[in-house]
There are 6 protein chains.
Amino acid sequence: MYTNEDFDRMATELYSAVLSDAMDALGYRDQAMRHDLRPVIPEAVIVGRALTVLSVDIYEVLDNPYEKEMESTDALQPGDVLVASTNRSTRNGYWGELLSTAAQARGARGAIVDGLIRDVRKIQEIGFPVFAVGYKPVDSQGRGVVVDYNCPVHCGDVLVNPGDLIFADYDGVVVIPQRIADDAIARAFEKVHKENLTRDELLKGAYLKDVYAKYGIL
Amino acid sequence: MYTNEDFDRMATELYSAVLSDAMDALGYRDQAMRHDLRPVIPEAVIVGRALTVLSVDIYEVLDNPYEKEMESTDALQPGDVLVASTNRSTRNGYWGELLSTAAQARGARGAIVDGLIRDVRKIQEIGFPVFAVGYKPVDSQGRGVVVDYNCPVHCGDVLVNPGDLIFADYDGVVVIPQRIADDAIARAFEKVHKENLTRDELLKGAYLKDVYAKYGIL
Amino acid sequence: MYTNEDFDRMATELYSAVLSDAMDALGYRDQAMRHDLRPVIPEAVIVGRALTVLSVDIYEVLDNPYEKEMESTDALQPGDVLVASTNRSTRNGYWGELLSTAAQARGARGAIVDGLIRDVRKIQEIGFPVFAVGYKPVDSQGRGVVVDYNCPVHCGDVLVNPGDLIFADYDGVVVIPQRIADDAIARAFEKVHKENLTRDELLKGAYLKDVYAKYGIL
Amino acid sequence: MYTNEDFDRMATELYSAVLSDAMDALGYRDQAMRHDLRPVIPEAVIVGRALTVLSVDIYEVLDNPYEKEMESTDALQPGDVLVASTNRSTRNGYWGELLSTAAQARGARGAIVDGLIRDVRKIQEIGFPVFAVGYKPVDSQGRGVVVDYNCPVHCGDVLVNPGDLIFADYDGVVVIPQRIADDAIARAFEKVHKENLTRDELLKGAYLKDVYAKYGIL
Amino acid sequence: MYTNEDFDRMATELYSAVLSDAMDALGYRDQAMRHDLRPVIPEAVIVGRALTVLSVDIYEVLDNPYEKEMESTDALQPGDVLVASTNRSTRNGYWGELLSTAAQARGARGAIVDGLIRDVRKIQEIGFPVFAVGYKPVDSQGRGVVVDYNCPVHCGDVLVNPGDLIFADYDGVVVIPQRIADDAIARAFEKVHKENLTRDELLKGAYLKDVYAKYGIL
Amino acid sequence: MYTNEDFDRMATELYSAVLSDAMDALGYRDQAMRHDLRPVIPEAVIVGRALTVLSVDIYEVLDNPYEKEMESTDALQPGDVLVASTNRSTRNGYWGELLSTAAQARGARGAIVDGLIRDVRKIQEIGFPVFAVGYKPVDSQGRGVVVDYNCPVHCGDVLVNPGDLIFADYDGVVVIPQRIADDAIARAFEKVHKENLTRDELLKGAYLKDVYAKYGIL
């Protein structure tokens, strides 16, 4: 099990592209989320364990509208990343400042929301990294409700199971299934080294054809 | 009737999300525009009265291609916000630098365009706040024509009547129908206060469940 | 044939909108690419000759996955702009840091990719200007393959022939067919002058109607 | 409260277009569902009271996968029309032959599904009228689950409350809110008469301009 | 100028695919409309001269809501085909039974509507051939208005000028610009003959490679 | 290896829905194609082995435009089903009458085209079953080209390998990977029996809850 220090080291030395390549090599080729999930804080890198949430659209104000939304956010542990599926809702503003503040207080490392969020300026101010499809200034009350958490969800068209590793940076979000995490991460650290050699030769003006023949990396 | 000073105070103390919540409480739940209308100037806050314009796609260069486009822009008064519907055209560049310069000279507080615009760098330079769906470097001549203004329009999937209040910030654009404006604004000022109390407790590490039980705000 | 100095001067004094207007006047009215091709480096202006590439989606890892992708990039000459069509693929990450480094070393002035790219932060660091539809941290191996280059392609819904002039700035990307390039550029330089006169009068508070009557420019 | 005989008479003498016009006249102008809900049996006319169901996408096989789907179908009464929202799911096959057989046995007059269905040939054979967005041969188990019924839902982009009147024919589906049903139906019967007069004159070759001036109907 | 007898002969002996091929050979390669325009009467073949109409979405009920819609329909002459662009509206039901009845009485040969229509069953009964994107039981009043007719329009993504030849059958709709009509039609009659020879050999079991080598037709 | 007689028996006794359920039970849950692939002949049932083809969009007329399209069609064997991916092209008409005639002569059992086709009426006449996304009367020359065949393709969003079993009926198209075909087919035959028992009880008026408790089938 990874510690926060492990996650910090990965955030510094790895990047989503090299993890995607490592998973390709292991035969896991559909682990990158849809490209319309973008970071609220451009320089953010999120690494952590998925706590998944499933929210769905509704059309009435329920008696207890935030029950499981609060419960799932209160359940976050240090090292967790909240991964919320709204089934691509464009009506609901699933996440906002107060939930970010609460998640940050719990030690969460970020949130990935396959849907819309609000209070974006304030989320940027408190520095809680969130990836989302877009922004809409509406509350979830009467628009969406959390029906379950810590269940399998589709987020950005990738299946995410609770406990999967999440790595998100400016290029996008990748999901590393728990059972291949050690292997994928080891390969990623290796590949970073080879890419540096390739880059150095290209910077000196070498042709791609020759450099690729030498290192087998592109 | 609101003055420019009223609009300035709202721009400083309120935000689109709290106005959306205030309208929810009054039963007006579909007042936030589609999330793909984004600001050209990220820090812009637009507050003012809607002057609406309806532009439609055409396929020939008319004799007088800009007639009503100029007329409607020349009709802007201090405190006005131009709200233009192009019926989601992706062929036409409805708005640009010269129109922004003219609108600013008339005292307009901004423009909301449900369509594409051009001259974006220059609009940023003169500091005229515009929200639009995207950018395209084409002129409207032979692509679109204004058929009416100060008429009801759909902009970002919300019905806007002339004189409605527009509030736009980084989270998006809300439309406040004239008849509920006073009530909605009063409630928004109230809610801002309660949110501050909630935020303070969450920052101290309180659980959402407990804070929500205390203030009833999320 | 234009030199790099010609391209530099165009990049400084012209912009995509005035070139679009010049082509409108010549009857070429569909030369602006779809608005979802956006710059990786916001202040970038790309001017140069198109070297076109056609990539298509595949579903297996080929023996020689990068052959023509490397060949086409190695073929870039000073003054060239790589224009890549992926037929709007959202699975493939066509372009990345190493290809940018190689293209820059060859003297290419930029790349226009109708598809997704990766290594965006590093591309920004080396300062190679790219326009793309979005970002995804995946490699092209097993996802896409270059089938031809220096052939006609559709990029951003505009037909691009090898050797066409490309002009891309914050407003978008325009394609200037070779046979009208001299004429379009001459007209663009002229129109820049007239717009300055119009702007000056509007800044003094003149009405659009009057200024348009005087200069015939909007 | 309408009887099955009332519904039969409406089905014979009225049609969706004249009910839409009657609601327009009462100021209810957004009561026609999205045009992609199409009938499985082309000649079907469905008239009845809405029993609403809300299904949402899930990504695991639940212990009791069909619980509320069966409960809501077993709850159908004679005169009812099942109105199911899946929030536009394209993964799930919400409805099929066995549910149609059960609904028909309960006396239901039809089903409107904002989503996909299966067993279409068999549904046609038993003659149970269904409107749906499309067909997919998959079961709902592990793809969708009913979270509530007899609640407000959006179906085909129209809000439907339990008990609202549904009228569906080859032109599409309209929703008549309970509180205006009597008024709308009375107006519809009236308008049918006037349209007959207009049609007769047009068939004799009269110009639209003249016939419209005479009857005020188009 | 073609007579109704010419149009009848073309309808019997030609088809949209062979006309598309004939226009390809003349360098006109974008003359087939988008594939979502489908016939209300499956066996219908429409051949005639385009009378174009431009309708746009509005959001209020005008004083004279049908003025130009009636005027343009009353202007139809024998041999005409009404070609209506709604700029892809999904809110408006542009066309219906009474307009079909009026158009048929004027001698029109059919209608092509890039948008939605209503009264489909009755249109089928009177046998007036219409192609449309879909069906919605709503009136145009307060939803759309005709702003011009006999002007250039985009219909199904193809530019149509008044007087262009329209050919529509089960495969789709092609637009034959007036200036190439004679040439395109002559080539189409020729190609029909060659295809018959190719088909005969394939029916006897010949391989495509050999038959294509012989006739150069596929 | 299945014979044509095996395929005929499956076509008579099985259906796509029961095969989908059988694959669900084996953990293969994404084997049904996108719902917009629809049959040209409504009553058609296609069962056979996939011969896959990959076509891509191009923008010039090649010297030998039909080379691999003819080669792949000429390669069809009795029992084969042509499965063509065009990467969702809406410009190209991939398939038509002459190819259908040739495929039928080779003993092919049908074609599944993830794209557009033409000559639909004639294909219906010769009775060759095809599933496609839509119809467009254009030739593939200058619009698309076959780059490979008997390679893995995505068709209707499902991965298809050469030799996979295809089952297509009015509900849609399912792909049965070769390695699970025997198991899936055996389970499907079994499930057909249980569904008959369930249906019989429902027809007698039993409640879903009780019948499901008894047979565990819905």
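Would you tally the residues in the stretch D:23-71 being aliphatic (A, V, I, L, M), open to solvent by 50 Å² or more (accessible area, probe 1.4 Å) and farther than 21 Å from D:Phe128 by Cα? The total comes to 3. Scanning the stretch B:50-74 for residues that are away from chain E (no Cβ under 11 Å) and within 18 Å of the chain's Cα centre (by Cα) yields a total of 5.
In the stretch B:151-170, is there at least one residue being of a type in the set (Ser, Thr, Tyr), under 12 Å from the mean Cα position of the chain (by Cα), open to solvent by 10 Å² or more (accessible area, probe 1.4 Å) and over 14 Å from B:Arg88 (Cα atoms)?
Taking the stretch B:151-170 first, the residues of a type in the set (Ser, Thr, Tyr) are B:170.
Restricting the remaining residues to those that are under 12 Å from the mean Cα position of the chain (by Cα) gives B:170.
Pick out the ones that are also open to solvent by 10 Å² or more (accessible area, probe 1.4 Å) and you get B:170.
This time we only want the ones that are over 14 Å from B:Arg88 (Cα atoms), so: B:170.
There is at least one residue in the stretch B:151-170 that is of a type in the set (Ser, Thr, Tyr), under 12 Å from the mean Cα position of the chain (by Cα), open to solvent by 10 Å² or more (accessible area, probe 1.4 Å) and over 14 Å from B:Arg88 (Cα atoms).
Taken over the stretch A:11-20, the residue count meeting the criterion of being surrounded by fewer than 21 Cβ atoms within 10 Å (Cβ to Cβ) and at the interface with another protein chain (Cβ under 10 Å from one of its Cβ atoms) is 0. Every residue in the stretch C:100-138 that is at the interface with chain A (Cβ under 9 Å from one of its Cβ atoms), within 18 Å of C:Asp57 (Cβ to Cβ) and either out of contact with any Lys or Arg (no Cβ under 8 Å at 6 or more places or on another chain) or assigned to a strand (DSSP E or B) (or both), please. The answer is C:Leu116, C:Ile117, C:Val133, C:Gly134, C:Tyr135.
If you check F:Val56, F:Val61 for being in a loop (DSSP other than H, G, I, E, B) and among the β-branched types (Val, Ile, Thr), only one passes: F:Val61.
Spot the failing condition for A:Ile185; the list is (1) touching a residue at least 40 places away in the same chain (Cβ under 8 Å); (2) more than 14 Å from chain B (Cβ to nearest Cβ); (3) part of a strand (DSSP E or B), and only one is missed. Here A:Ile185 clears every test but (3). Of all residue pairs spaced 6 or more apart or on separate chains, those with beta-carbon atoms under 8 Å, a first member in the stretch B:143-165 that is under 21 Å from B:Glu67 (Cβ atoms) and a second member that is in a loop (DSSP other than H, G, I, E, B) and of a type in the set (Gly, Ala, Ser) are B:Arg143/B:Ser89; B:Gly144/B:Ser89; B:Tyr149/B:Ala75; B:Asn150/B:Ala75.
Select from the stretch E:173-209 the residues that are farther than 23 Å from F:Ile117 by Cα and open to solvent by 80 Å² or more (accessible area, probe 1.4 Å) and list them in ascending order.
Start the filter on the stretch E:173-209 by keeping residues that are farther than 23 Å from F:Ile117 by Cα, which leaves E:177-183, E:186, E:204.
Across the stretch E:173-209, the qualifying residues are E:Gln178, E:Arg179, E:Asp182, E:Lys204.
All of D:Met70, D:Met1 fail the test of being out of contact with any strand residue (DSSP E or B) (no Cβ under 8 Å at 6 or more places or on another chain), of a type in the set (A, V, I, L, M) and part of a loop (DSSP other than H, G, I, E, B), apart from D:Met1.
Checked against (1) more than 8 Å from every other protein chain (Cβ to nearest Cβ); (2) open to solvent by less than 10 Å² (accessible area, probe 1.4 Å); (3) assigned to a strand (DSSP E or B), D:Val145 passes all but a single condition, namely (2). In this structure, A:Tyr135 does not satisfy being open to solvent by 10 Å² or more (accessible area, probe 1.4 Å), of a type in the set (Phe, Trp, Tyr) and out of contact with any strand residue (DSSP E or B) (no Cβ under 9 Å at 6 or more places or on another chain). Under the condition of being within 26 Å of F:Ile176 (Cα to Cα) and among the acidic types (Asp, Glu), which residue from the stretch F:72-129 is surrounded by the fewest Cβ atoms within 10 Å (Cβ to Cβ)? Among residues in the stretch F:72-129 that are within 26 Å of F:Ile176 (Cα to Cα) and among the acidic types (Asp, Glu), the one surrounded by the fewest Cβ atoms within 10 Å (Cβ to Cβ) is F:Asp74.
Residues A:Val81, A:Val47: which one is outside any helix (DSSP H, G or I) and in contact with a Gly (Cβ under 6 Å, 6 or more places away or on another chain)?
Details: A:Val47 fails: in contact with a Gly (Cβ under 6 Å, 6 or more places away or on another chain).
So the residue among A:Val81, A:Val47 that is outside any helix (DSSP H, G or I) and in contact with a Gly (Cβ under 6 Å, 6 or more places away or on another chain) is A:Val81.
The values are calculated or read from the model by the stated rules, or taken from the named source; none is laboratory data. Predicted model, so just to flag it, every value in this text is computed and none were measured. Ideal geometry is used to build each Cβ from the backbone, glycine not excepted, and the neighbour counts take in all protein chains shown. We work out accessible area using only protein heavy atoms, side chains counted, and drop any ligands, DNA or RNA first. Shrake-Rupley method; radii C 1.70, N 1.55, O 1.52, S 1.80 Å.
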